[in-house]
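See below for the structure under consideration.
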Amino acid sequence: MRKKIIAGNWKMYKTTREAVQLAENLKKSLVNIKNTIVVLCPPFTSLFSVGQAIKNSTIKLGAQNIYYEKEGAYTGEISPLMIKDVGCQFVIIGHSERRKYFNETDAIINKKIKTALNFGLTPIFCVGETLDQREKGIAESTVISQVEKGLMDMNEEDVLKLVIAYEPVWAIGTGKTATPDVADGMHSVIRKSLSKLYSSDLSNNISILYGGSVKPDNIDALMSQENIDGALVGGASLDSAGFSRIVQFKK
Ligand code: PGA
């Protein structure tokens, strides 16, 4: 059985006080959630406090990025050791905003995924095509190439520990969700490529999340798709009522 995961990517929003408030509200409203793993990914500055706020709950903590070294003279960077130290179990890697604004390449993402796994963190490895790539008819080949390069030189045992998030760039923050069919189709393409690279066993057992304008009113249809195991939610994760509804999706 693949795990169901709903992760909130808070991006560069919320001061520590606001972040703690949101986490406390979610802790209250999600007290009975059992079969879905809920992950909150606040900015680095709020990780410790949010971690404290969700203590003694089933909600998990994740970071939005890491550097691929344990420590060193890397001004401004945060290491996997540091996010573990504040209680993170998950880390988002290769988000399209990092690829676009911070020039993260597939090779850098590959290093980050490997380092995260070495530190016992679960990477949420993001892939997705731009509108231009979709219009040129190269959406599938783009995503397959991101998967292959991001997982370069990794063995089956390690890859089984990570989560993949398909986030079409044209759907992020735009209000344009991929239709459930389109999303499911790409998830199936990702599964086929994993099956070729590794095994059908691995491809059947890895959780693949969808991300891009996930909202309370489209989550049920997305989660009803065979290949969609959860969601990586940006904007709608900043509101506790909305995010609670997303977590409590109906299939
Ligand atoms: P969105 O962001 O839900 O605001 O579209 C998703 C993401 O970037 O992870």
Quick check: anything in the stretch 157-174 polar (S, T, N, Q) and at pLDDT 95 or above? no
Taking the criterion of being surrounded by fewer than 17 Cβ atoms within 10 Å (Cβ to Cβ), assigned to a helix (DSSP H, G or I), touching a residue at least 60 places away in the same chain (Cβ under 8 Å) and among the hydrophobic types (A, V, I, L, M, F, W, C), would at least one residue in the stretch 228-248 satisfy it? yes
Scanning the stretch 141-184 for residues that are among the acidic types (Asp, Glu), away from the ligand (no atom under 16 Å from the Cβ) and closer than 18 Å to Leu209 by Cβ gives Asp181, Asp184
Note on the stretch 114-136: residues over 19 Å from His187 (Cβ atoms) and at pLDDT 95 or above are Lys114, Thr115, Ala116, Leu117, Asn118, Phe119, Gly120, Leu121, Lys136
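Here's the yes/no breakdown for (1) under 17 Å from the mean Cα position of the chain (by Cα); (2) farther than 20 Å from Glu104 by Cβ; (3) outside any loop (DSSP other than H, G, I, E, B):
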{"residue": "Leu117", "(1), (2), (3)": "yes, no, yes"}
{"residue": "Glu129", "(1), (2), (3)": "yes, no, no"}
{"residue": "Arg134", "(1), (2), (3)": "no, yes, yes"}
{"residue": "Lys161", "(1), (2), (3)": "yes, yes, no"}
{"residue": "Gly173", "(1), (2), (3)": "yes, no, no"}
{"residue": "Asp181", "(1), (2), (3)": "no, yes, yes"}
{"residue": "Asp201", "(1), (2), (3)": "no, yes, yes"}
{"residue": "Tyr210", "(1), (2), (3)": "yes, yes, yes"}
{"residue": "Lys215", "(1), (2), (3)": "yes, yes, no"}
If you check Lys251, Lys215, which single one turns out to be within 14 Å of the ligand (Cβ to nearest atom), more than 21 Å from Val91 (Cβ to Cβ) and without any contact (Cβ under 8 Å) to a residue 40 or more places away in the chain? Lys215
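The values are calculated or read from the model by the stated rules, or taken from the named source; none is laboratory data. Quick caveat: nothing in here was measured; it's all calculated off a predicted structure. Cβ atoms come from the backbone with ideal geometry, glycine included; neighbour counts cover every protein chain shown.
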